[in-house]
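The values are calculated or read from the model by the stated rules, or taken from the named source; none is laboratory data. The model shown is predicted, which means the values in this text are computed figures rather than measured ones. Positions of Cβ are backbone-derived with ideal geometry, glycine not excepted, and every protein chain shown enters the neighbour counts. Please note that ligands, DNA and RNA were not included when accessible areas were found on the heavy atoms of the full protein model with its side chains. Shrake-Rupley method; radii C 1.70, N 1.55, O 1.52, S 1.80 Å.
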Amino acid sequence: TLVTLGRLSATELTEALYRQLEAKLFAVFSWPGGEYQFRENASLPGEELRLRSSSASLVYEGVRRFFTTERLEEAFAASLGTFPAVSPDPLLRFQRLDLDPPAEPILEVLDGTRPLVECLTDPRWERRQALPVIYTAYVAGVVDLFDRANPMLAPRSHRRRMERYGAGAVDG
């Protein structure tokens with residue numbers, strides 16, 4: 001009705017709805033825990049509002065805004081000896097992940113040859129800078145954690161990942 005009354009243009013309404021959607025999505029990151037339930041027969045609204053960012057980029061922004069360094073440290077505490085490497089699934093590993101230019105080199109060391117603890121403590125960046133990048137890449141599926149320095153090994157199961165890193169991660 002605001003558009004009909006001339007109070008908002010259609011573009012302004014779309015922008016306001018997008019900001020509202022973004023705010024609701026990011027609010028999820030402030031939850032200390034949660035559970036995801038897929039509802040196969042859920043009805044969807046007739047109109048759709050497309051996100052401007054990829055899922056991985058939205059996760060990164062949410063993690064940067066709402067996760068403390070302590071929360072991220074806790075999430076990785078049991079896995080510091082694992083070897084992060086790109087996901088074998090091309091659908092996941094090639095997701096767009098918008099990072100600040102200083103954070104981009106962090107992804108380059110996630111090649112399966114170095115344990116996670118070394119990736120986090122690389123002298124080229126601060127640990128608190130690497131934690132959200134690596135956590136996001138992991139929970140978004142861009143990288144996986146392997147038990148040995150061989151990225152061809154089968155990755156840990158998704159269920160074990162979510163149980164171990166349940167620090168607000170979504171299971172689905």
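Our estimate of slack between Glu40 and Thr69, defined as 0.36 nm per intervening residue step minus the Cα-Cα distance, is 6.9 nm.
Computed about the Cα centre, the dipole magnitude for region 1-152 is approximately 260 debye when only Lys and Arg (+1) and Asp and Glu (-1) carry charge, each at its Cβ. Rg of the Cα atoms in region 1-126, relative to 2.2 N^0.38 Å, amounts to 1.39. Each other residue within a Cβ distance under 12 Å of Val117 adds +1 if Lys or Arg and -1 if Asp or Glu, for a net charge of -1. Remark: the Leu5-Ser30 segment gains 5.3 nm on full extension, using 0.36 nm per residue and subtracting the alpha carbon distance. Taking amide H positions as modeled 1.01 Å from N, with prolines and chain starts lacking one, the residues under 5 Å from Val143 and 5 or more places away or on another chain are Ser87, Tyr138. The packing ranking of peptides 89-97, 66-74, highest mean first, is 66-74, 89-97, where packing means the average number of other beta carbon atoms within 10 angstrom of each residue. Taken one residue at a time, the phi angles of region 19-29 give Karplus couplings (6.51, -1.76, 1.60, θ = phi - 60°) of 4, 5, 4, 4, 4, 5, 5, 5, 4, 4, 5 Hz. Gly and Pro are set to x. With K and R counted +1 and D and E -1, the other residues having a Cβ less than 14 Å from that of Pro132 yield a net charge of -3.
In terms of Cα atoms, the Rg and Dmax of region 96-139 work out to 9.5, 26 Å. Rolling a 1.4 angstrom probe over the protein heavy atoms with all chains in place gives region 1-120 an accessible area of 69 Å² per residue. The calculated FRET efficiency for Asp122 paired with Ser53, based on their beta-carbon distance and R0 = 35 Å, is about 0.85.
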